[in-house]
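Trainee: Would you mind keeping the following structure in view while I ask a few things?
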Amino acid sequence: MTESNENDNSKTTEVKKIVKNATDLQRLKLERLMKNPDKPVYIPEPRSDKKSPHVPEFVRNVMGSSAGAGSGEFHVYRHLRRKEYARQKHIQVKAEKELLEEAYRQKILENKQMAEERTAKKRAKRLKRKMTLKEKCKMSKKNNTANSVNESDSTSDDDDQNTTES
């Protein structure tokens, strides 16, 4: 029974909290979220900037302004004319957008190719430098071993000559 009283008290304290400004409202929302962190939170999708108007591909019943038409026909004609202009504008905007997207994709592709060419060139330069260092190292080792063999041969020859002279 004490648990239900405690629950009632916590509910009343939540209700008693007065929201004075936007920060209090945000704080209350965050506190409510943090009470149960395991509960999934619904995050809505961001809205698109502009809603594209519904424009049909083909406008039917297009009529021209003609002499002798009634006064009501002009309003119908004006409405259809606006609809057609909106459709044409939508088509032009869509075509421009596609051109810009294609140019963007082309630019991205060119940038990737240029970057790969630069890295390939630098990689080749690094490998070439590495190979020349390896060759120099091998040559110096060969020279060192050849020199040490020659020196040991010459010192042993000198030792032989010294022993024969004595």
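Trainee: On alpha-carbon atoms, Rg over Rh for the stretch 72-136 using Kirkwood Rh?
Mentor: 1.67
Trainee: While we're here: With Cβ to Cβ distances under 15 Å as the rule, what net charge do the other residues near Ala115 carry (K, R +1; D, E -1)?
Mentor: +3
Trainee: Under a Cβ-only charge scheme (Lys and Arg +1, Asp and Glu -1), can you give me the dipole magnitude of the stretch 71-118 about the Cα centre, in debye to the nearest 20?
Mentor: For the stretch 71-118, the charge dipole is close to 380 debye.
All of the numbers you see were taken from the coordinates with simple rules; none came from a lab. Everything numeric in this text was worked out from a predicted model, so none of it was measured. We place every Cβ from the backbone using ideal geometry, glycine too, and count neighbours over all the protein chains shown.
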